[in-house]
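Novice: Before I ask anything, let me first share the structure, which is written out below as structure tokens.
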Amino acid sequence: MNSKCVDILVIGAGPAGLAAAIAAKEDGIDNLLVLEREHNPGGILRQCIHNGFGLHRFKEELTGPEYAQRDIDRAREMGIEIQTDTTVLSVDGKTHTVTCVSSAHGVEIITAKAIILAMGCRERPRGALGTPGTRCAGIYSAGTAQKFVNLEGYMPGKRVVILGSGDIGLIMARRMTLQGAKVLACVELMPFSSGLNRNIVQCLNDYDIPLYLSHTVIDIKGRERLTGVTVAKVDANRQPIPGSEIEFDCDTLLLSVGLIPENELSEGAGVKLSPLTSGAEVDDVLQTNLPGIFACGNVLHVHDLVDHVSNESFRAGHAAAAYVRGQLSGGDTLDVRDGDGVRGTVPQRIRKGVSEEVDLMFRPSGVFRNATCIVTCGGREIARKKAPIFTPGEMAVVKLKPEIVAGLDDTVTVTIERS
Amino acid sequence: MEITCINCPVGCRLSVTLENGQVTSVTGNTCKRGEIYARQECVDPQRMVTAVIPVAGSAMPLSVKTRTPIPKKLIDECMKALSAVEIAAPVKAGSVVLANVCGTGVDIIATKSVGA
Ligand SMILES: Cc1cc2nc3c(=O)[nH]c(=O)nc-3n(C[C@H](O)[C@H](O)[C@H](O)COP(=O)(O)OP(=O)(O)OC[C@H]3O[C@@H](n4cnc5c(N)ncnc54)[C@H](O)[C@@H]3O)c2cc1C
Ligand code: SF4
């Protein structure tokens, strides 16, 4: 069995892993390795061929493959080694040894001074949903359909209903329509969409695809292949209302019901996970409870904007480099808590006495109009941000300035105040 | 008229006042792009179009985009024009796949490299 030692090992070559590796390399870490299980780096962006990526970071609107290519090119220019077709099987959180397998090298054991977890997320499967009816062909997750159409070049069906209004479902409603299918409806259980408003406009409204809010699929028909679904309105307790059924003749049902961070490896390593984000609990430099193990991107919490993923991951890469050099200050931390209207704030801890900018990121727990996000430290207000609307579909970010962070001395609480 | 700005994920809700088909005021935008968008959207809505097309000699399809937005009403025609394009590998990202699509003056370009 092969074994080797590196300074920093990055798991996953999506936008998160690439940005983290670039940052670490910029800081002079040369003995750096990125492992990726797919044949090509780029992560999920490879299949997101629509535009709308990179406005913040590159000040231009790119498609997913174009955004990914910029980081891949940069990583190659810098001489960063990306070993593809290599799957990480386990991570030992104490010894920092990683076991991985590839057809080229067989099983390898790699020991690293610091490890950056950047494995992304996956879609919630149908089983987690409890949709009723037969298990016939023609039911896919929206991301799988996206892969079929955009990377493999074939259409999963001709008449489509989409369950769930997550962004990937909305994006796929437009994609299937453009590539020649008929999308009959997008059905959402909640009274609001979990996707971005811009996607409702440009993916559904532009193509006259109806969005049924407070509706769900109550029956799935077909023996071998899907032949139709029954959709019904739900009451405030999300129970179907008799008499409200609508029948759709369709051969395809796409599920777009949310993403979950891919954390089997992290759990195996002993990384403490947050029940709210399903990702690691981290401090302000994205370090987990295990010293020298960092997490960034969708494996940490599900992002809707790749620009935020890159930003967060640069921070993780710089911090890992500092850790390797023994220059990362540790010590006491202060907790960050969710107050009213806020769910899953990342980071969960801020190191005491540092004076670096910190981005507090969270999901609003409901739809709040003309509301204000207020951050307090031991009851004292330290930051506020007003917005015309906060919705669970859009991650909110509040910046704490370095001088504010330096003065923290108590638990930090993030709250949304409704007017 | 209420519209949602689609220029960035913030998705500002814009209020537009129209008089005789002319935009007289835009409010609710956070940045200048929102106002430009509203003025365009109420007169001649435009969209970027992205798509995948098959490539001879490659198992993978090619992803493409209009270099700049085109009139929304031409999206269908644009997709039809694209479906007639015959292209063979190798294709380089950024190369023109279809020039001046539907007489818009806008080229359709490859967004990735295939078989290169
Ligand atoms: C199906 C899907 C569609 C999406 N569509 C959009 C969209 O349209 N617009 C948008 O803004 N955002 C979209 N997102 C969110 C998007 O994923 C993020 O913005 C961003 O790409 C996340 O980057 P990442 O590097 O954290 O994860 P990813 O891009 O998922 O990259 C993670 C990488 O880690 C690798 N990996 C995982 N486990 C292992 C292992 N054990 N060993 C080795 N390698 C491993 C994976 O192969 C992958 O390449 C989508 C997400 C999903 C899941
Ligand atoms: S107005 Fe500006 S900030 Fe608001 S959605 Fe449009 S581009 Fe984004």
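The values are calculated or read from the model by the stated rules, or taken from the named source; none is laboratory data. Just so it is clear, the structure is predicted and the values come from calculations on it, not from any experiment. Note: ideal-geometry Cβ built from the backbone for every residue, glycine included; neighbour counts use all protein chains shown. The protein model used for the area step is the full one, side chains on, heavy atoms only, and it has no ligands, DNA or RNA in it. Shrake-Rupley method; radii C 1.70, N 1.55, O 1.52, S 1.80 Å.
Novice: Taking region A:228-272 as the region of interest, how many residues are of a type in the set (A, V, I, L, M) and within 16 Å of ligand 1 (Cβ to nearest atom)?
Specialist: Of the residues in region A:228-272, 8 are of a type in the set (A, V, I, L, M) and within 16 Å of ligand 1 (Cβ to nearest atom).
Listed here are the residues, each with its yes/no results for (1) small (Gly, Ala, Ser); (2) outside any loop (DSSP other than H, G, I, E, B); (3) free of Cβ contacts under 8 Å to residues at least 40 places away in the same chain; (4) crowded, with 16+ Cβ neighbours inside 10 Å.
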position: A:219; (1), (2), (3), (4): no, yes, no, yes
position: A:231; (1), (2), (3), (4): no, yes, no, yes
position: A:237; (1), (2), (3), (4): no, no, yes, no
position: A:253; (1), (2), (3), (4): no, yes, no, yes
position: A:257; (1), (2), (3), (4): no, no, no, yes
position: A:268; (1), (2), (3), (4): yes, yes, no, no
position: A:271; (1), (2), (3), (4): no, no, no, yes
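Novice: Just checking, how many residues over region B:3-17 are at pLDDT below 90 and away from ligand 1 (no atom under 16 Å from the Cβ)?
Specialist: The total comes to 2.
Novice: Give region A:189-207 a look and list any residue that's within 12 Å of chain B (Cβ to nearest Cβ) and open to solvent by 50 Å² or more (accessible area, probe 1.4 Å), or say none. Can you show your working first?
Specialist: Restricting attention to region A:189-207, the residues satisfying the condition of being within 12 Å of chain B (Cβ to nearest Cβ) are A:193, A:195-207.
Listed by number, the residues that qualify are A:205, A:207.
Novice: Do we find that residue A:289 is over 13 Å from the mean Cα position of the chain (by Cα), open to solvent by 10 Å² or more (accessible area, probe 1.4 Å) and not charged (D, E, K, R) in this structure?
Specialist: Working: over 13 Å from the mean Cα position of the chain (by Cα): yes; open to solvent by 10 Å² or more (accessible area, probe 1.4 Å): yes; not charged (D, E, K, R): yes.
Yes: the conditions hold for residue A:289.
Novice: Considering each residue of region A:241-273, count those that are out of contact with any Gly (no Cβ under 7 Å at 6 or more places or on another chain) and closer than 30 Å to residue A:95 by Cβ, and give that number.
Specialist: Quick first cut of region A:241-273, residues out of contact with any Gly (no Cβ under 7 Å at 6 or more places or on another chain) only: A:241-246, A:259-260, A:264-268, A:272.
Next, only the ones that are closer than 30 Å to residue A:95 by Cβ stay: A:260, A:264-268, A:272.
The number of residues fulfilling the criteria is 7.
Novice: Here is a follow-up. Using the structure shown, decide if residue A:49 is under 23 Å from the mean Cα position of the chain (by Cα), surrounded by 21 or more Cβ atoms within 10 Å (Cβ to Cβ) and assigned to a loop (DSSP other than H, G, I, E, B). First the steps, then the outcome.
Specialist: Numbers: under 23 Å from the mean Cα position of the chain (by Cα): yes; surrounded by 21 or more Cβ atoms within 10 Å (Cβ to Cβ): yes; assigned to a loop (DSSP other than H, G, I, E, B): yes.
For residue A:49, the condition - under 23 Å from the mean Cα position of the chain (by Cα), surrounded by 21 or more Cβ atoms within 10 Å (Cβ to Cβ) and assigned to a loop (DSSP other than H, G, I, E, B) - is met.
Novice: Which pairs turn up if I take residues in region A:288-304 that are closer than 14 Å to residue A:319 by Cβ and within 14 Å of chain B (Cβ to nearest Cβ) and look for partners that are open to solvent by less than 10 Å² (accessible area, probe 1.4 Å) and modelled with pLDDT of 95 or more with beta carbon separation below 7 Å, at least 6 apart in sequence or on another chain?
Specialist: The qualifying pairs do not exist here.
Novice: Can you name the condition, by its number, that residue A:165 falls short on among (1) within 14 Å of ligand 1 (Cβ to nearest atom); (2) part of a loop (DSSP other than H, G, I, E, B); (3) within 15 Å of residue B:50 (Cα to Cα)?
Specialist: Against the list (1) within 14 Å of ligand 1 (Cβ to nearest atom); (2) part of a loop (DSSP other than H, G, I, E, B); (3) within 15 Å of residue B:50 (Cα to Cα), residue A:165 comes up short only on (3).
Novice: Taking the criterion of being in contact with a Ser or Thr (Cβ under 7 Å, 6 or more places away or on another chain), in contact (Cβ under 8 Å) with a residue 24 or more places away in the chain and of a type in the set (Asp, Glu), would at least one residue in region A:338-356 satisfy it? Quick ask: steps written out before the conclusion?
Specialist: Of the residues in region A:338-356, the ones in contact with a Ser or Thr (Cβ under 7 Å, 6 or more places away or on another chain) are A:338-344, A:346, A:348-352, A:354.
Filter again for in contact (Cβ under 8 Å) with a residue 24 or more places away in the chain, leaving A:338-344, A:346, A:348-352, A:354.
Those still in the list that are of a type in the set (Asp, Glu) too: A:338, A:340.
Yes, some residue in region A:338-356 is in contact with a Ser or Thr (Cβ under 7 Å, 6 or more places away or on another chain), in contact (Cβ under 8 Å) with a residue 24 or more places away in the chain and of a type in the set (Asp, Glu).
Novice: Could we say that residue A:112 is in a helix (DSSP H, G or I) and either more than 16 Å from ligand 2 (Cβ to nearest atom) or among the hydroxyl-bearing types (Ser, Thr, Tyr) (or both) here?
Specialist: Working: in a helix (DSSP H, G or I): no; either more than 16 Å from ligand 2 (Cβ to nearest atom) or among the hydroxyl-bearing types (Ser, Thr, Tyr) (or both): yes.
Answer is no for this residue.
Novice: Return the total of residues in region B:17-35 being within 14 Å of another protein chain (Cβ to nearest Cβ) and either touching a residue at least 24 places away in the same chain (Cβ under 8 Å) or open to solvent by 70 Å² or more (accessible area, probe 1.4 Å) (or both).
Specialist: Taking region B:17-35 and keeping what is within 14 Å of another protein chain (Cβ to nearest Cβ), we get B:27-34.
Subset that is either touching a residue at least 24 places away in the same chain (Cβ under 8 Å) or open to solvent by 70 Å² or more (accessible area, probe 1.4 Å) (or both): B:27, B:29-30, B:32-34.
The total comes to 6.
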